[in-house]
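Below is a structure I'd like to ask you about.
Each reported figure results from applying straightforward, stated rules to the coordinates on display, with no laboratory input. What you are looking at is a predicted structure, and each value in this text was computed from that prediction instead of being measured. A quick note on method: Cβ atoms are made from the backbone with ideal geometry, for glycine too, and the neighbour counts reach across all protein chains shown.
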Amino acid sequence: MIILIGISGVGKSVQGQLFTKKEGYYWVSIGNLIREKMSEEAKENVLQGKLLNDNQIIDLVENVFKESLPKNQQIVIDGFPRTIGQAKWLIRQIKNKGIDLTGIFFLHASENIVTKRLLSRGREDDKPEIIKKRFQQFKLNTMPIIKLMKANNIDIIDINGDNDPNEVHNDILKELNKIERRNAD
């Protein structure tokens, strides 16, 4: 399994789709799951730029793992973890071998590029004041995840998300090849 983390609009879902089309991965988008499976109240919170509580997200992820993941297919997840609580749950799963993690890729891009991408996709929750709130939430909640993962000897691979999606995809594939070579040795 690979995990894509980064601010909304950096291209995680685009990469998930590319992994599905080009590499045959099974793609799980936490954002899509929230929009499809959560209560109206939870959806409204997301529209306002708020994060859902850890238990809601972890329950959603656990249900996906239990019910819908193919057994012999590589998996790419985008948008998880987004908080320290979610990261601690993930670390426990990795250490207890509940999740076979290949790598975590941190897609990062400039605020200007991300803002332009978000404003151009035309979703209801992509308004300038909501985007600004997302950046604040990301810095406050998600950036500390990287330190926590590294402190627990879990590699985070930085990927420049400013580039063209195909170039970003190729950069991820190059890093995956390095991981596979290391694991084969």
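Please give the per residue volume of the convex hull enclosing the alpha carbon atoms of the chain, rounded to a whole number of Å³.
Numbers: hull volume 21.7 nm³, N = 185.
Cα convex hull per residue, to the nearest whole number: 117 Å³.
If you don't mind, another one. Given 12/50; 71/178; 97/147; 43/147, which pairs have Cα atoms separated by over 26 Å?
As for pairs spanning more than 26 Å Cα to Cα, those are 43/147.
Further question: Quote the FRET efficiency, to the nearest 0.05, computed for residue 50 versus residue 108 with a Förster distance R0 of 25 Å and r equal to the Cβ-Cβ distance.
Efficiency computed from Cβ-Cβ geometry: 0.65.
Binned at 10 Å from 0, what are the whole-percent values of the Cα-Cα distance distribution for the range 70-159, short to long?
14, 42, 29, 15, 0
Each label point is 7 Å from the Cα along the Cα-to-Cβ direction; what then is the distance between the points at residue 185 and residue 129, in nm?
Each label point lies 7 Å from its Cα, and together they span 5.4 nm.
Counting other C-beta atoms within 10 Å, which of 115, 20, 142, 102 has the fewest, and how do the rest follow?
20, 102, 115, 142
Rounded to the nearest 20 Debye, what is the dipole magnitude of the chain about its Cα centre when Lys and Arg each give +1 and Asp and Glu each give -1 at the C-beta? Don't skip to the answer; put the middle values down first.
Values: 29 positive and 25 negative charges, 58 e Å.
The dipole magnitude comes to about 280 debye.
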